Amino acid sequence: MTIKRTIGERSPLFQKLLFSYRKRFQPAVIRMEHGIRLAVPKSLPEEMRKSLYKEQHELPELELILACLELGDKVLEIGSGVGMIATTCASICGAENVTCYEPNPSTRHVIQRNFDLNSLEVDLRSRALATQKGTIDFYFSDNIVSSSLIDQDFGGKTEVACDDIRDVIEELQPTAIVMDVEGAEIDLLPTATLSGVSKILVEMHPGIVGPEKVEELHACLERQGLHYRRDLCRSKVAYFER
C-alpha cells in the first residue's frame, strides 16, 4: 500500500462535502486522506464515528506518525484504540515490524477489521502493559479512547491480563514506541530500559496526572538520551528522539 505522507491538502469545500456525504450515508468503511481504509461500525460511540468521518480522530498522533516513522522502524504501540494509528504504522514500517497492545476487549474486532481491510497481518495482543506481569484493573468509558488503567470515575471496571513492559521491550527490541494510555505513561516509561529505542511518540495527560508528573517524565526520558523535539510536537502529543 502506498501511504501519503502529508495530509490536510484537501480544500475546505471538498472536506465539507465529504463529511456531509459520510454523515448522511454513514458508510461502514472509509478511505482516509493518507490512503488507509478504516472501519466505522455503528457499534462505535456517535462522537467517535463523527470524528472518524471528519478525519479528526487522533489527528495529532497521525501527523507525527506520518512525519517521523520510516520503513524498517520496529514499532511497539501501547494503546491501540480502534487501530487507526496501528494500521498507519504497519503501512509505513511493514506489518511484521509492528506489535500492538490494547486491553479493551470491546475494540479488538474493530482493530482486526482495520488490519484486514488493509491486508495487514499485525501482532495484536489483547492485554495491557504494566510494571509487572499478571492482571490489572481496567476502567471503561463510554468514550473508548478515554478507557484507562487509571480510575477516572467512569463507572465500569474489569480485570485484564497484563505483561511487564520490560519483558516486552526485551522480547521485541523496538526502535519506536507509540503510546496513548491515558496517564499510565508516567509509570510505564520510567520503568522501561529504552537504550534501543530511538523514537517515542506519547500523548501526555497533564489533566489526569498533573503537569509536575509530565515534567518528571520529560526529565526521565532526557536522562535516557531521548530528547524532546518541541518543533515536531502536536498538541499534547510529545515526540522524543535519540
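The values are calculated or read from the model by the stated rules, or taken from the named source; none is laboratory data. A quick note: this is a predicted structure, and the numbers were derived from the prediction, not measured. With ideal geometry, Cβ positions are generated from the backbone for all residues, glycine too; neighbour counts draw on all protein chains shown.
Below are the figures for this structure:
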{"quantity": "Pick from segment 22-54, criterion part of a loop (DSSP other than H, G, I, E, B) and in contact with a strand residue (DSSP E or B) (Cβ under 8 Å, 6 or more places away or on another chain), ranking: surrounded by the most Cβ atoms within 10 Å (Cβ to Cβ)", "calculated": "40"}
{"quantity": "Number of positions in segment 59-79 that are crowded, with 20+ Cβ neighbours inside 10 Å, on the phi > 0 side of the Ramachandran plot and out of contact with any strand residue (DSSP E or B) (no Cβ under 7 Å at 6 or more places or on another chain)", "calculated": "0"}
{"quantity": "Close pairs (6 angstrom Cβ cut-off, 6 or more residues apart or separate chains): at positive phi in segment 221-242, part of a loop (DSSP other than H, G, I, E, B) and surrounded by 15 or more Cβ atoms within 10 Å (Cβ to Cβ) anywhere", "calculated": "225/242"}
{"quantity": "Boolean, residue 195 is in contact with a helix residue (DSSP H, G or I) (Cβ under 6 Å, 6 or more places away or on another chain), of a type outside the set (Phe, Trp, Tyr), surrounded by fewer than 16 Cβ atoms within 10 Å (Cβ to Cβ) and closer than 22 Å to residue 68 by Cβ", "calculated": "no"}
{"quantity": "All positions within segment 6-16 that are surrounded by 12 or more Cβ atoms within 10 Å (Cβ to Cβ) and either assigned to a helix (DSSP H, G or I) or touching a residue at least 60 places away in the same chain (Cβ under 8 Å) (or both)", "calculated": "15, 16"}
{"quantity": "From the options 232, 226, 201, residue that is surrounded by 21 or more Cβ atoms within 10 Å (Cβ to Cβ) and farther than 22 Å from residue 128 by Cβ", "calculated": "226"}
{"quantity": "Residue 111 vs. criteria at pLDDT below 95, touching a helix residue (DSSP H, G or I) at 6+ places or on another chain (Cβ under 8 Å), buried (at least 18 other Cβ atoms within 10 Å of the Cβ) and not in a loop (DSSP other than H, G, I, E, B)", "calculated": "no"}
{"quantity": "Residue list for segment 80-106, restricted to those being modelled with pLDDT under 95, crowded, with 22+ Cβ neighbours inside 10 Å and of a type in the set (Gly, Ala, Ser)", "calculated": "80, 81"}
{"quantity": "In segment 58-103, the residues that are among the small types (Gly, Ala, Ser) and not in a loop (DSSP other than H, G, I, E, B)", "calculated": "67, 86, 90, 91, 95"}
{"quantity": "Selected residue (only one of 86, 128, 90, 95 is over 17 Å from residue 176 (Cα atoms) and among the small types (Gly, Ala, Ser))", "calculated": "128"}
{"quantity": "Number of the condition not met by residue 180 [criteria: (1) modelled with pLDDT of 90 or more; (2) surrounded by fewer than 20 Cβ atoms within 10 Å (Cβ to Cβ); (3) of a type outside the set (Gly, Ala, Ser)]", "calculated": "(2)"}
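Yes or no, residue by residue, for (1) over 23 Å from residue 233 (Cα atoms); (2) touching a Ser or Thr at 6+ places or on another chain (Cβ under 6 Å):
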site	(1), (2)
7	no, no
15	yes, no
56	no, no
66	no, no
73	no, yes
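For every residue, the table says whether it meets (1) hydrophobic (A, V, I, L, M, F, W, C); (2) surrounded by fewer than 16 Cβ atoms within 10 Å (Cβ to Cβ); (3) out of contact with any Leu (no Cβ under 7 Å at 6 or more places or on another chain).
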site: 160; (1), (2), (3): yes, no, yes
site: 174; (1), (2), (3): no, no, no
site: 211; (1), (2), (3): no, yes, yes
site: 217; (1), (2), (3): yes, no, no
site: 222; (1), (2), (3): no, yes, yes
